[in-house]
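The values are calculated or read from the model by the stated rules, or taken from the named source; none is laboratory data. Remember, it's a predicted structure, so these values are computed and weren't measured experimentally. Every residue, glycine as well, gets a Cβ built from its backbone with ideal geometry; the counts of neighbours run over all protein chains shown. Note: accessible area is taken over every heavy atom of the protein model, side chains too, but ligands, DNA and RNA are not part of it. Shrake-Rupley method; radii C 1.70, N 1.55, O 1.52, S 1.80 Å.
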Amino acid sequence: MKYSRWLVIIPYFFLATLPLCWLLLTSLKTQEAAISSTASLIPSTAENIAPGDLSFSATLDAYRKLATPHTGKAHAFFHYLLNSVIIGLLSTLTSVVLGTGCAYGFSRFRIAGARDWLFFILSTRFLPPLAVVVPVLMMYRVFNLPNTHLGLILLYTAFNLSLAVWLMKGFIDEIPRAYEEAALVDGYSPFQAFYKIILPHSATGMAVTAVFCLISAWNEYGFALALNNAEAVTVPVYFAGLQGNIQGIPWPQIAAGVLIFVVPIAVFTILVRNHLLRGVTFGTIKQ
Amino acid sequence: MRVKDGILKYGFVGPALIFLIAFNIFPLFYNIYLSFTDAELSGGATQLIGGRNYGVIFDDTRYSTALRTTGLFVVLAVAVELLLGFALALALQKPFWGKPIITTILLVPMMLSPAVMGLYWNFILNGHYGVVNQALSVFGLFQPQWLTDPDLKLFSILMIDIWMWTPFMMLIALAGLNAIPNHLYEAAAIDRASRWTIFRRITLPLCSPLLFLAVLLRTTDALKQFDLVMAVTGPNDRATQTLSALLYQVMFRGYKIGLGSSYSIVILLIVIALASIFIRYIASIQAKQGRESA
């Protein structure tokens with residue numbers, strides 16, 4: 001029975017990682033090789049390889065082409081990647097700042113109806129984007145916010161606040177109150193106690209929270225699609241827009257772009273692996 | 001800490017709460033208002049038309065079809081993900097060489113963007129050059145048209161969802177398994193309990209609270225299914241139109257936001273009901289934790 005676990009793990013591991021390996025291989029192919037009806041598996045440095053061979057001549061062309069706009073698109077891939085980076089980073093920053101403050105308030109002060117507020121905050125995470133996006137769009141039209149980076153940054157901040165507050169509250173609850181009490185005795189003001197004691201002690205929590213906020217802003221599609229058609233288009237919306245392209249979908253370029261887009265997320269996932277459980281359950285389960 | 005904290009505490013919690021109310025409570029009520037109007041996305045004069053939108057819902061077969069598609073999708077996705085994830089967690093329960101790295105790699109798909117990965121899966125599942133069908137042809141097996149066969153499209157979306165979210169179930173199931181105290185297993189070994197008995201009387205009951213939590217979280221998420229549907233078939237495919245896809249079709253392709261809002265009220269009611277079950281459950285778990293640590 002000792003080895004029976006492998007009967008489950010090996011097939012699943014193989015099937016689950018195969019699409020990701022295929023992604024890497026595809027990004028090194030030419031369009032002809034990518035949509036050939038005989039798939040080639042082994043990258044090779046040889047120039048001319050007969051069709052039907054198991055190996056293909058590897059090229060970085062797909063990565064190079066990402067720098068030029070695709071047919072029918074106003075900008076190159078990197079333009080949309082930059083949009084994703086700007087929106088992701090700024091919305092993460094604001095959610096972590098507001099979320100940490102809010103979590104600290106709920107963790108340390110007596111606030112009327114605190115439990116109800118906290119559960120209200122959690123419940124906002126469950127709303128389906130498409131069921132709330134139209135009122136947001138109407139509100140944005142009044143303030144000229146559709147099609148702007150700021151519009152998505154504000155929306156993602158609101159969307160991620162529930163996660164940020166709940167995760168940060170879990171982390172701040174774990175910091176002993178005695179630390180701040182000692183600081184207050186030493187003559188710190190309550191705000192100084194927060195600034196000089198709590199913030200340094202919750203650095204790990206803030207980093208973990210930032211990673212989860214960044215990932216959900218980075219991957220978000222529904223809001224980004226509904227609120228944007230020109231200026232602040234993020235990578236998921238850009239890629240989805242390539243569907244039905246007249247010249248055929250440029251698969252090697254898409255594979256290269258997808259790879260560039262998901263590698264940071266994979267790296268972050270590995271960095272926060274010990275906190276993943278907390279992150280996906282809003283801090284309600286602690287390891 | 002209780003000194004002079006009157007204004008300060010509202011300074012801490014206030015900004016976040018204002019934000020959340022502006023982006024959640026306001027849209028919710030505005031949605032209800034819109035659902036009683038003939039508002040169009042392009043703007044223009046809007047009139048209150050009473051409950052006419054709600055009357056249309058029940059004549060619209062698209063709506064009942066979308067409800068059925070969403071229901072089927074949620075049940076199948078959550079069930080398969082739970083079973084597979086739990087099986088994987090059981091296989092990964094005991095320490096062995098390579099366990100941390102294997103577990104971490106398995107978790108990667110759930111962190112990726114569904115919209116982007118959904119597009120890429122079109123390439124894998126393509127009927128002509130897709131690698132899945134080419135592999136099937138090597139073994140001389142039947143090659144289904146994953147993306148164009150109306151009977152298979154939903155199944156293909158389901159497959160991608162399972163690929164992405166089985167790790168989520170696995171992660172939570174593993175936490176449940178790790179929390180089972182070892183002495184229970186030792187006592188069972190002394191009693192010469194069979195593996196099946198141990199599983200049924202110790203593992204499953206002690207793991208089930210966390211599994212229930214995982215199922216609730218996945219259900220609320222799967223109910224919103226939109227990204228993969230858009231990536232694989234677009235919003236207006238009869239065979240795969242989930243509620244969110246129908247909302248998108250009605251509001252952003254048909255410009256009927258009044259009508260769309262009335263459609264969204266029902267989906268909101270379902271989600272709110274599930275969310276409140278989730279929240280009560282969390283509250284009961286937290287109360288229990290509080291008692292244990294006290």
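Numbers for the structure displayed
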| read-out | value |
| --- | --- |
| Those residues of region A:32-48 which are outside any helix (DSSP H, G or I) and among the small types (Gly, Ala, Ser), in sequence order | A:Ser36, A:Ser37, A:Ala39, A:Ser40, A:Ser44, A:Ala46 |
| The lone exception for A:Ala16 - which of (1) touching a residue at least 40 places away in the same chain (Cβ under 8 Å); (2) assigned to a helix (DSSP H, G or I) it fails | (1) |
| Which listed residue, of B:Ala239, B:Ala273, is more than 7 Å from chain A (Cβ to nearest Cβ), under 30 Å from B:Phe36 (Cβ atoms), open to solvent by 20 Å² or more (accessible area, probe 1.4 Å) and not basic (Lys, Arg) | B:Ala273 |
| Yes/no for A:Thr284 being within 18 Å of the chain's Cα centre (by Cα), facing another protein chain (nearest Cβ under 10 Å) and buried (at least 16 other Cβ atoms within 10 Å of the Cβ) | no |
| Residue under evaluation B:Leu259, criteria (1) surrounded by 20 or more Cβ atoms within 10 Å (Cβ to Cβ); (2) in contact with a strand residue (DSSP E or B) (Cβ under 6 Å, 6 or more places away or on another chain), criterion not met | (2) |
| Yes/no for B:Ser64 being of a type outside the set (A, V, I, L, M), assigned to a helix (DSSP H, G or I) and either open to solvent by 20 Å² or more (accessible area, probe 1.4 Å) or in contact with an Asp or Glu (Cβ under 8 Å, 6 or more places away or on another chain) (or both) | yes |
| Residues that are open to solvent by 30 Å² or more (accessible area, probe 1.4 Å) and closer than 28 Å to B:Ala87 by Cα, drawn from region B:129-145 | B:Val131, B:Val132, B:Ala135, B:Leu136, B:Phe139, B:Leu141 |
| Residue identified as on the phi > 0 side of the Ramachandran plot and of a type in the set (S, T, N, Q) among A:Asn144, A:Asn160 | A:Asn144 |
| Residue in region A:206-220 that is more than 30 Å from A:Gly257 (Cβ to Cβ), open to solvent by 50 Å² or more (accessible area, probe 1.4 Å), assigned to a helix (DSSP H, G or I) and of a type outside the set (Lys, Arg) present | yes |
| Residue count, region B:213-236 (criterion: facing chain A (nearest Cβ under 8 Å), of a type outside the set (Val, Ile, Thr), under 19 Å from B:Ser264 (Cα atoms) and not in a loop (DSSP other than H, G, I, E, B)) | 3 |
| Restricting region B:24-58 to residues that are in contact with a strand residue (DSSP E or B) (Cβ under 7 Å, 6 or more places away or on another chain) and hydroxyl-bearing (Ser, Thr, Tyr), the residue that is least open to solvent (accessible area, probe 1.4 Å) | B:Thr37 |
